[in-house]
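**Q** Below: one structure in structure tokens.
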Amino acid sequence: MRTRLIAGNWKMNMDRHSGAVLLNELKGILTPDRIGQSVSVVVCPPFPLLGLAGDILGSTPLSIGAQNMHHEKGGAYTGEISADMLVSFGCRYVIVGHSERRRYFHETDEIVNRKALRALGSGLTPIICIGETLEEREAGSTMDIIERQVSGVLEGFDRAMLDRVILAYEPVWAIGTGKNATPAQAQEVHRFVRDLLDERYSPEAGEGVTILYGGSMKAENAYDLLSEPDIDGGLVGGASLDARQFTGIVDAACRAREHQG
Ligand code: 13P
């Protein structure tokens, strides 16, 4: 059975004080009893708060992820952060290729691919983001874009490596807009991605890959999205900054999993 996972991407929000408050709230609410074994929960704070997150969440079932990393191993790259540094701060996951990185920092599929490879090499699980813009959707080219991104970001990945990544479908038009993809729209793309992987690797390869949905996911719409057969979890932005919203999404994921058996 695929891993069901809810990840909170705090983006460039929170500081030392507000971050500690939120982390302690999450620790208090998301107890082992509450989330059980069936759902993994990941918190991705900004880099300066990773140490704090490690201290607060260290002995809880919640894992820590970063929002980005550099693709080189180390060296003279002023201002950058390496995968090994993230590991040393207790990170298990790293988001790569978020649409905001692509848009504002000009990251290409090739760079995202190098980051994902480096993350795996350092023992991190990359959460690799893909997704079309509104113009691309309206032009009817969603599936072409998704196909191009999937083959670009997974260039050089063999089957064993595929099993160690998480994909996140985040339609750009749904991010931070309050306008989530409908469950049917998201399901269609998730199924398409699985079929692509089946085609590229082997007939059942896509069935084993965890694929998250991201884009205006909230406690109120999470259950319907997560009840779709190919949507394994969520990459949550705005709603991850509010303990009640975020834990509501985790609860919805637990209910969806129970329902699916
Ligand atoms: P929102 O949940 O704020 O739409 O952001 C989604 C996202 O970009 C998560 O990475």
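The values are calculated or read from the model by the stated rules, or taken from the named source; none is laboratory data. Quick caveat, the model's predicted, so the values are computed rather than measured. Here the Cβ positions follow ideal geometry from the backbone for every residue, glycine too, while neighbour counts run over all protein chains shown.
**Q** Here's a check for you: in region 1-18, which residue that is of a type in the set (A, V, I, L, M) and not in a strand (DSSP E or B) is surrounded by the most Cβ atoms within 10 Å (Cβ to Cβ)?
**A** Result: Met14.
**Q** Here's something else I'd like to know. Please go through region 232-242 and give me each residue that is over 13 Å from Leu212 (Cα atoms) and either surrounded by 18 or more Cβ atoms within 10 Å (Cβ to Cβ) or touching a Lys or Arg at 6+ places or on another chain (Cβ under 9 Å) (or both), ordered by number.
**A** First, the residues of region 232-242 that are over 13 Å from Leu212 (Cα atoms): 238-242.
If the condition is that a residue be over 13 Å from Leu212 (Cα atoms) and either surrounded by 18 or more Cβ atoms within 10 Å (Cβ to Cβ) or touching a Lys or Arg at 6+ places or on another chain (Cβ under 9 Å) (or both), then Gly238, Ala239, Ser240, Leu241 are the ones that fit.
**Q** When you go through (1) of a type in the set (Val, Ile, Thr); (2) surrounded by fewer than 17 Cβ atoms within 10 Å (Cβ to Cβ); (3) at pLDDT below 95 one by one for Val21, which number turns out not to apply?
**A** (3)
**Q** Go through region 1-33 residue by residue and tally those that are free of Cβ contacts under 8 Å to residues at least 40 places away in the same chain and either under 23 Å from Thr125 (Cβ atoms) or of a type outside the set (A, V, I, L, M) (or both).
**A** 14
**Q** Residue under question is Ala116, and the condition is that it be under 13 Å from the mean Cα position of the chain (by Cα), among the small types (Gly, Ala, Ser) and at negative phi; does it hold? Step through it out loud before you land on a result.
**A** Working: under 13 Å from the mean Cα position of the chain (by Cα): yes; among the small types (Gly, Ala, Ser): yes; at negative phi: yes.
Yes, satisfied.
**Q** Sticking with this one: Against the definition (more than 16 Å from the ligand (Cβ to nearest atom), of a type in the set (A, V, I, L, M) and over 17 Å from Ile249 (Cβ atoms)), how does Val21 come out, yes or no?
**A** On the way: more than 16 Å from the ligand (Cβ to nearest atom): yes; of a type in the set (A, V, I, L, M): yes; over 17 Å from Ile249 (Cβ atoms): yes.
So Val21 fits the description; yes.
**Q** While we're looking at this one, here's another question. Give just the number: which of (1) surrounded by 13 or more Cβ atoms within 10 Å (Cβ to Cβ); (2) aliphatic (A, V, I, L, M); (3) more than 22 Å from Leu212 (Cα to Cα) does Leu62 not satisfy?
**A** Failing condition for Leu62: (3).
**Q** Mind listing whichever residues of region 39-69 are touching a strand residue (DSSP E or B) at 6+ places or on another chain (Cβ under 8 Å) and assigned to a helix (DSSP H, G or I)?
**A** Those that are touching a strand residue (DSSP E or B) at 6+ places or on another chain (Cβ under 8 Å) and assigned to a helix (DSSP H, G or I): Phe47, Leu50, Ala53, Gly54, Leu57.
**Q** Here is a further query. Could you list, ordered by first residue, the pairs with Cβ atoms under 8 Å in which the first is in region 180-194 and over 15 Å from Ser151 (Cα atoms) and the second is within 15 Å of the ligand (Cβ to nearest atom) and basic (Lys, Arg), at least 6 apart or interchain?
**A** Asn180/Lys218
**Q** Among residues belonging to region 243-261 that are free of Cβ contacts under 8 Å to residues at least 40 places away in the same chain and closer than 22 Å to Cys129 by Cβ, point out the one that is surrounded by the fewest Cβ atoms within 10 Å (Cβ to Cβ).
**A** Once the filter is applied, the top-ranked residue is Gln245.
**Q** Look at Arg159 and say whether it is under 22 Å from Met1 (Cβ atoms) and either away from the ligand (no atom under 15 Å from the Cβ) or in contact with a strand residue (DSSP E or B) (Cβ under 7 Å, 6 or more places away or on another chain) (or both). Let's see the steps before the verdict.
**A** Numbers: under 22 Å from Met1 (Cβ atoms): yes; either away from the ligand (no atom under 15 Å from the Cβ) or in contact with a strand residue (DSSP E or B) (Cβ under 7 Å, 6 or more places away or on another chain) (or both): yes.
In short, yes.
**Q** Being over 20 Å from Ile166 (Cβ atoms) and not polar (S, T, N, Q): is that true of Ala205 here?
**A** No: the conditions fail for Ala205.
**Q** So which helices (runs of 4 or more DSSP H) are wholly in region 90-157 and hold at least 3 residues that are within 20 Å of Leu197 (Cα to Cα), touching a residue at least 24 places away in the same chain (Cβ under 8 Å) and of a type in the set (Val, Ile, Thr)? Give the derivation first.
**A** Numbers: elements: 99-105, 109-121, 134-138, 142-153.
Fully inside region 90-157 and qualifying: 142-153.
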